[in-house]
Amino acid sequence: MPPRGKSPFDLQTLLAKVGLPGTALEYRNGQSVFTQGDPAKTVFYIQKGGVKLSVLSRGGKEAVIAMLGADSFLGEGCLAGQPVRMATATAIGSSSMIGIKHKEMIRALHDQHVFSDFFIRHVLQRCIRVEADLVDQLFNSSEKRLARALLLIAHYGSQGEPKIDIPKISQQTLAEMIGTTRARVSFFMNRFRKLGFIEYNGGLRIHNSLLGVVLNE
């Protein structure tokens, strides 16, 4: 992911330069960007805020599969022939995005090398993240999975400075992300706070000392 606040280019400027239609969109906290099963026709670029991706099983069970922040693409499955959305995207906090239609996105990827390089890097980093999430789920304790999830949300390990202050995320959402119960998340969050790893009062503040939980074998 590019450094916080320092994308390799200004996407809005690029869209205007090449005549690529991109719609500026604003979402309030909790508002749906798209819903599982909707037609997949648009790629979104998150400029500010974030998005929670979740899936719903036929039995009605919901699982959070990703949390995406600024400088991330969303809904890019339509570029690979995905006809409908495989997940529901919900805004986290006040969020600003650019929506680019499927055909226009493909044209930009063919014609604009800077843009295509940035997008390819994004896709590769997303694949690496998915593999790391799978390893984390298979081999790490729920405490370590929670610590890693919080650090990833705060962008520790990415280029640039981590985002220490992040919007408050419900314990239920965190539990769905790491595959455990809300009670376990509450227990570990209280423990992290007592140890000085995190602070939360309205928002959530992550300290780099939380890295010790992930690194400790």
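Quick notes on this one:
- Length gained when the stretch I106-T35 is fully extended (0.36 nm per residue, less Cα-Cα span): 23.3 nm
- 5 angstrom amide H check on G50, placed H, neighbours 5+ away: I92
- Between the amide H of L204 and those of I166, K168, distances stay under 5 Å, these residues lying 5 or more places away or on another chain, with hydrogens modeled in the peptide plane.
- Ellipticity at 222 nm from helices only: DSSP H runs of n ≥ 4 in the chain, each -39500 (n - 2.57), divided by the residue count, give -12000 deg cm²/dmol.
- Pair N216, L138: separation of 7 Å Cα→Cβ label points (nm): 2.6
- Mean Cβ neighbour count within 10 Å, used as a protection proxy, ranking 109-116, 40-47 highest first: 40-47, 109-116
- Under a 5 Å amide H cut-off, with hydrogens placed 1.01 Å from N, F34 pairs with A89 among residues at least 5 apart or on other chains.
- Helices meeting the span-like rule in the chain (full DSSP H runs, Cα extent of at least 20 Å along the helix axis, mean Kyte-Doolittle score of -0.5 or higher): 113-139.
- Note, ³J(HN,Hα) from phi for region 78-89, Karplus 6.51, -1.76, 1.60, rounded to Hz, x at Gly and Pro: 5, 6, 9, x, 5, x, 10, 5, 8, 8, 9, 10
- Positive-pole candidate from F73, N208, V114, dipole of the chain, charges at beta carbon: N208
Each reported figure results from applying straightforward, stated rules to the coordinates on display, with no laboratory input. Predicted, not measured: the structure shown is a model, and the values here were computed from it. Cβ sites come from the backbone with ideal geometry, for glycine too, and all protein chains shown count toward neighbours.
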